[in-house]
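What follows is a short report on a single structure.
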Amino acid sequence: MSVPREQILKTAAELLSRRATASMDEIARSAGISRATLHRHFAGREALVAALGDLGIRQIEEGLDAARIDEGDPAEALRRLIDEITAVAGFLAFLYGENELYESDPMVAGWARVDARVGALLKRGREEGVLRGDLSTAWLVDALFALVAASGWSVQDGRLARRDASRVVAELLLGGALERSAR
């Protein structure tokens, strides 16, 4: 029985989000395949991490689509987005630490697409007076992804229940980002 590449990536993402230093042997075992099979799909750890970066971008973009961020109140759209992306927060936390990912053109382009879409939502929120105008859109985008990654680490370390992650990210981000008159 052959294991599809996508399943190998998801298994690797799950393992690496908990143990970023897991070896290729450990990744292969967790996927239920041999190291040789893993190497047929990915020439080495660098190729695996690059494929994981692509998967991460794809999952965030799918979350953006599912959250319908162009619809309705910006704060509610942001809450929907947070609900979608905290589901992969542990994986995003792993990707955050993989600095070499941010040196590849496809990853830079992928994050630029994500940043543009999230930035448009946050800019709309600022323009409509829902989000504070004294906080830049770029800062709010960075803060959102930092909080999501932090929630992933907290869940992995047992300091935060997975079911609470979305709520605490939204409350902390919006509690600090809402226009004072909207509080």
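The values are calculated or read from the model by the stated rules, or taken from the named source; none is laboratory data. Nothing here was measured: the structure is a model prediction, and the numbers come from that model. Virtual Cβ from ideal backbone geometry, glycine too; neighbours counted across all protein chains shown. Note: areas computed on protein heavy atoms with side chains; ligands, DNA, RNA excluded. Shrake-Rupley method; radii C 1.70, N 1.55, O 1.52, S 1.80 Å.
Report, to the nearest 10°, how far helix 74-85 tilts away from the longest principal axis of the Cα atoms in the chain, using its own Cα long axis and a range of 0 to 90°.
10
Which value, in Å³ per residue, describes the convex hull spanned by the Cα atoms of region 1-134?
It is 114 Å³ per residue.
Keeping all protein chains in place, calculate the accessible area per residue for the chain (probe 1.4 angstrom), answer in Å². Could the numbers behind the result be given before it?
On the way: 9390 Å² over 183 residues.
Per residue, the chain has 51 Å² of solvent-accessible surface.
What residue among 35, 18, 117 has the largest mean-square fluctuation in a Gaussian network model of the chain, using Cα springs under 10 Å?
In the Gaussian network model the winner is 35.
Summing Lys, Arg as +1 and Asp, Glu as -1, what charge do residues with Cβ under 13 Å from the Cβ of residue 114 carry, residue 114 excluded?
Its environment carries a net charge of -4.
So how tilted is helix 137-156 from the main axis of the chain? Cα-based, degrees 0 to 90, rounded to 10.
50
Could you look at region 63-183 and say what percent of its accessible area is carbon and sulfur, using a 1.4 Å probe and all protein chains?
That fraction is 51 percent.
Quick check: from the Cα gyration tensor, does region 89-130 come out rounded (a/c under 1.5), prolate or oblate?
Oblate, because a/c is 1.5 or more while a/b does not exceed b/c.
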